[in-house]
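Undergrad: Just dropping this structure here.
The values are calculated or read from the model by the stated rules, or taken from the named source; none is laboratory data. Predicted, not measured: the structure shown is a model, and the values here were computed from it. Side chains are part of the model used for accessible areas, which takes the heavy atoms of the whole protein and leaves out ligands, DNA and RNA. Shrake-Rupley method; radii C 1.70, N 1.55, O 1.52, S 1.80 Å.
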Amino acid sequence: MHIQLPAQARALAIPEIVISILHEMDMQTLMAAQHVCHAWAAQIRRSRSLQKALFFLPASEKSGAETRVYNPMLARAFPSAFPSEDLRDASNASDRIEGVSLSDFDLAKSPAKREMYLRPEASWRRMLTQQPPDFTVGLFNMGAGPMGLSWHQDKATRQDEGLRMGALFEWLVHLGRHEWNSATIAICLGGSEPVNMPLEITRPCKSVFTDGINGDWRGIAADFDLVLMTSSAGTCVDPEGPDDPDWVKSSDDIAWEEICETYSELGLTVGELKMETYNEGGAWWN
């Protein structure tokens with residue numbers, strides 16, 4: 001016996017109509033739509049346009065600082081890893097940068113959330129941080145000490161499929177306890193139109209010249225889509241580590257420790273974004 005399906009059911013059996021409906025959804029609703037039924041989940045997986053909307057596939061093969069669109073789900077879950085666009089117009093150089101804080105990430109709020117987020121199959125790990133993606137990433141590390149100012153620049157191999165949040169997150173965690181306790185860590189978006197690159201690195205004192213470091217800083221800002229900047233200052237009497245009685249754990253140090261413990265409990269190892277040092281320099285106190 002032939003059964004006439006309702007018009008609504010017949011319409012939803014047409015893939016083009018379903019994809020058109022799915023494209024009208026915001027990202028969070030689209031993610032949830034994958035659990036409606038196997039047919040919808042299959043449609044979403046097969047559609048390149050929907051995979052781009054979910055930040056699983058690059059929307060463009062070129063970087064585009066002027067057209068950056070952050071992944072909205074990631075920006076809510078990892079807020080300080082996504083520099084504010086408002087920083088672009090800051091007149092004061094020091095106001096053009098914000099530090100990353102592990103303790104403000106959603107996964108740091110409770111042990112249950114950490115375990116849920118850090119599962120190896122968690123979908124956020126595969127998501128692009130933005131569209132168009134970041135393809136080139138570098139590290140600018142600088143430190144001030146008793147002898148003067150030193151810095152080095154590292155670069156990773158090109159991220160041909162775009163920088164994924166899992167790689168960026170584990171790159172941050174891999175920095176280690178000392179950095180999260182006492183260093184300033186910032187994500188800077190560079191390229192032809194930097195979002196939050198400080199205009200220059202100011203002198204720590206009048207007796208040191210910063211022409212060299214600023215030349216290298218301007219170079220890395222222009223050459224990479226994303227630069228992880230770390231900055232620290234030390235003296236001979238600083239506490240050496242958590243076993244030192246003078247060591248005081250910061251909120252980010254505590255969050256880093258808890259993340260590492262959860263990785264260990266899940267039987268996982270924190271990954272590392274392989275970097276190669278390609279330049280270094282120094283400026284000494286006169």
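Undergrad: Let me check against my output: what whole-number percent is the relative contact order of the range 61-284, with C-alpha pairs under 8 Å and at least 6 apart?
TA: Relative contact order here is 30 percent.
Undergrad: Go through the range 142-150 residue by residue and turn each phi into a ³J(HN,Hα) via Karplus (6.51, -1.76, 1.60, θ = phi - 60°); whole Hz please, and just put x for glycine and proline.
TA: These are the phi-based 3J(HN,Hα) values: 9, x, 10, x, x, 8, x, 10, 9 Hz.
Undergrad: A follow-up question, please. Leaving out ligands, DNA and RNA, and with a 1.4 Å probe, what % of the accessible surface on the range 61-284 is carbon or sulfur?
TA: Details: 5500 of 10900 Å².
Carbon with sulfur: 50 percent of the solvent-accessible area.
Undergrad: Between Asn196 and residues 5 or more places away or on another chain, which pairs have amide H atoms under 5 Å apart, with H built 1.01 Å from N, and which residues are they?
TA: The answer is Leu189.
Undergrad: With all protein chains present and a 1.4 Å probe, how do Met197, Met275, Met31 order by accessible area, largest first?
TA: Met275, Met31, Met197
Undergrad: Once amide H atoms are placed 1.01 Å from N in the peptide plane, what residues at a sequence separation of 5 or more from Leu139, or on another chain, have their amide H within under 5 Å of its amide H?
TA: Correct list: Asp154, Lys155, Leu228.
Undergrad: Setting aside same-chain residues fewer than 8 positions from Lys109, which lysines have a Cα under 23 Å from its Cα?
TA: Candidates past the 8-residue exclusion: Lys249.
Undergrad: Would you please give the residues with an amide H less than 5 Å from that of Gly148, counting only those at least 5 places away or on a separate chain, with H modeled from the backbone geometry?
TA: Trp285
Undergrad: Short version: ³J(HN,Hα) in whole Hz for each residue of the range 158-169, in order, from phi by Karplus 6.51 cos²θ - 1.76 cosθ + 1.60 (θ = phi - 60°), x for Gly and Pro, what are they?
TA: 4, 7, 4, 9, x, 6, 9, 5, x, 5, 5, 4
Undergrad: Rounded to the nearest whole Å², what accessible area per residue is found for the range 61-284 with the 1.4 Å probe?
TA: 49
Undergrad: Over the range 61-284, what portion of Cα pair distances is larger than 33 Å, expressed as a whole percent?
TA: 16
Undergrad: To continue, here is another question. From the backbone phi of the range 261-270, what are the Karplus-calculated ³J(HN,Hα) couplings (6.51 cos²θ - 1.76 cosθ + 1.60, θ = phi - 60°) in whole Hz, Gly and Pro given as x?
TA: For the range 261-270, the Karplus curve yields 5, 5, 4, 5, 5, 7, x, 10, 10, 5 Hz.
Undergrad: Using a ≥ b ≥ c from the Cα gyration tensor of the range 136-205 (square roots of the eigenvalues), is it rounded, prolate or oblate, where a/c under 1.5 gives rounded and otherwise the larger of a/b and b/c decides, a/b for prolate?
TA: Oblate, since a/c reaches 1.5 and b/c is not below a/b.
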